[in-house]
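Just below is one structure, and these are the notes that go with it.
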2 protein chains.
Amino acid sequence: MDLIDLGAAGAKPADFDEILDRIRQKFGFDHAAYAGSNLIAGTIHAYVTYPEQWKQLYLDEQLHLYDPTLATAARSIAPVHWARLEKTQNFDRVFRNAADFGIVPQGLTIPVRGPYGDVGMLSVTRNCKTDEWNGLIPTILSELQSIAVHVHDGAMRSHTLTRTLHAPHLSTREIEILQWTAAGKSQQDVGDILGISHRTVEVHLRSGRHKLYALTTPQAVARAIAMGMIYPL
Amino acid sequence: MDLIDLGAAGAKPADFDEILDRIRQKFGFDHAAYAGSNLIAGTIHAYVTYPEQWKQLYLDEQLHLYDPTLATAARSIAPVHWARLEKTQNFDRVFRNAADFGIVPQGLTIPVRGPYGDVGMLSVTRNCKTDEWNGLIPTILSELQSIAVHVHDGAMRSHTLTRTLHAPHLSTREIEILQWTAAGKSQQDVGDILGISHRTVEVHLRSGRHKLYALTTPQAVARAIAMGMIYPL
DNA sequence: ATTGATATGCGGTGAATCCCGTATAGGTTG
DNA sequence: CAACCTATACGGGATTCACCGCATATCAAT
């Protein structure tokens, strides 16, 4: 089984378009799309194989705000089968427009989430008989899930690599104390846990704030999470 | 390809133990483990096929705080191959203890994240020749990825079925104030910016902490970032 | 029409945090 | 070997935060 290697450093937008096209050709989909949000970089990025006119209409009408495939996947852990979407007004609004381009409500959206609130969604669709679709999906779902993870990983890496190079260095004590702070412990609590004075805890927090160019401890926690030094608990 | 259906409503802990055992037997792993955190319910749950004595030692020594497989996967989108873990003091601490139980640093941890800051990690390990391990993993990685998603989905459902599932709803004011707080502003600063008293700012912060089940403001900031409500600045 | 919940606003007080200092030990560099 | 830097440790006092109250307005349910 030939997995598409997407984790390579330095992947560019052209690469993503190529990756999606290869997904489309390999599995026989009409279209494939990847939409991702990067909170750290403050960007939303999308790569699609849809026709240019549909893309334009989608943007002009801001259909991403109503797209039930994205909204439902945003609240799901598992892949979302479009057949299970509720037939709401938003559903009609998006798919009535899409029908003009031969895009049918038969598809799949796979959400993937990163550690800093970033989300990527890989969508695929194909206009074919229901039996054929239902026969195809179970045989490739696992591979699509894996591909979705790697597409998102690649998209995030292409943004965060340059930021990581400038990450300030925090000592193990500073990181440890920031981690406990992010977990809801007071300075006294942290002192008790680590067997040091709460004063000492304060010194390390101050030092951490300084290194992260943060004015306050909550800001230091926010930045440490963004830089992958600690994680939310 | 026989996918294990884990999304069935009402899965119980015994079911998870059985699921992990089936994963172990199907793929020939020595052990399989699933550790998940549910920020909304404020719980951490784990199901493992490890020997009882190792489980006890792991808990007694609180090794989950030092486990590099969890820490690294917590910061990753893609699956984490244990071979790539840094040989730190924490690494030695965990795997030196684990060696007494025949558990080797040859494994894989797959992180899966849900829409409300919840994270699940599926770990598998096997004590065999490196060549054998490296030959096995690529052939089943996609399927494991899919299984991890479904295990986590099932774990979350088993909690949300008993509790009302909803992302904590924060008011626009609460989110706005948390955002400014994460940006390094003091309560007085935020009050000045929004034209309200710093007391009022404190009330919204307290309300936000309550809704996010956070003990402190830094913890609320951390969770709000994890849930995609605000972002680091 | 009443009740309850939520959103938004504010004050007094004590605890916690932060800023200003202090110290020793170990490692690196000239 | 001395100087400098980093890591790690602590105290006093001022400021900020958090907890305990209070209030009005709006909306939804009964």
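Summary table
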| read-out | value |
| --- | --- |
| Per-region count, the range A:66-82, residues in contact (Cβ under 8 Å) with a residue 24 or more places away in the chain and either of a type in the set (A, V, I, L, M, F, W, C) or open to solvent by 60 Å² or more (accessible area, probe 1.4 Å) (or both) | 7 |
| Scan of the range A:185-218 for residues that are among the charged types (D, E, K, R) and either closer than 18 Å to B:Ala224 by Cβ or within 12 Å of DNA strand C (Cβ to nearest atom) (or both), ordered by number | A:Lys185, A:Asp189, A:Asp192, A:Arg199, A:Glu202, A:Arg206, A:Arg209 |
| The range B:184-209, residues that are within 8 Å of DNA strand D (Cβ to nearest atom) and open to solvent by 30 Å² or more (accessible area, probe 1.4 Å) | B:Lys185, B:Ser186, B:Gln187, B:Gln188, B:Asp189, B:His198, B:Arg199, B:Glu202, B:Val203, B:Arg206, B:Arg209 |
| Check on A:Leu215, closer than 20 Å to B:Arg113 by Cβ, hydrophobic (A, V, I, L, M, F, W, C), within 10 Å of another protein chain (Cβ to nearest Cβ) and open to solvent by 30 Å² or more (accessible area, probe 1.4 Å) | no |
| Test for A:Ala148: is it out of contact with any Asp or Glu (no Cβ under 7 Å at 6 or more places or on another chain), open to solvent by less than 30 Å² (accessible area, probe 1.4 Å), modelled with pLDDT of 90 or more and in the same structural domain as A:Gln53 (by TED's automatic domain parsing) | yes |
| Flag for A:Pro79 being of a type outside the set (A, V, I, L, M) and within 14 Å of chain B (Cβ to nearest Cβ) | yes |
| Qualifying residue in the range B:49-60 (condition: of a type outside the set (A, V, I, L, M) and within 14 Å of another protein chain (Cβ to nearest Cβ)) | no |
| Of the criteria (1) facing chain A (nearest Cβ under 8 Å); (2) within 14 Å of DNA strand C (Cβ to nearest atom); (3) open to solvent by 20 Å² or more (accessible area, probe 1.4 Å), which one B:Val221 fails | (3) |
| Residues of the range B:17-40 classified as open to solvent by less than 20 Å² (accessible area, probe 1.4 Å), under 17 Å from B:Thr109 (Cα atoms) and modelled with pLDDT under 90, total | 2 |
| Residue match in the range A:83-102 (condition: within 14 Å of chain B (Cβ to nearest Cβ) and open to solvent by 10 Å² or more (accessible area, probe 1.4 Å)) | yes |
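Let's see how each residue does on (1) closer than 26 Å to B:Ala35 by Cβ; (2) of a type outside the set (A, V, I, L, M):
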position	(1), (2)
B:Met121	yes, no
B:Ala182	no, no
B:Gln187	no, yes
B:Asp192	no, yes
B:Glu202	no, yes
B:Lys211	yes, yes
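The values are calculated or read from the model by the stated rules, or taken from the named source; none is laboratory data. Please read all numbers here as calculations on a predicted model, not as lab measurements. We place every Cβ from the backbone using ideal geometry, glycine too, and count neighbours over all the protein chains shown. Surface accessibility is based on the protein's heavy atoms, side chains included, excluding ligands, DNA and RNA. Shrake-Rupley method; radii C 1.70, N 1.55, O 1.52, S 1.80 Å.
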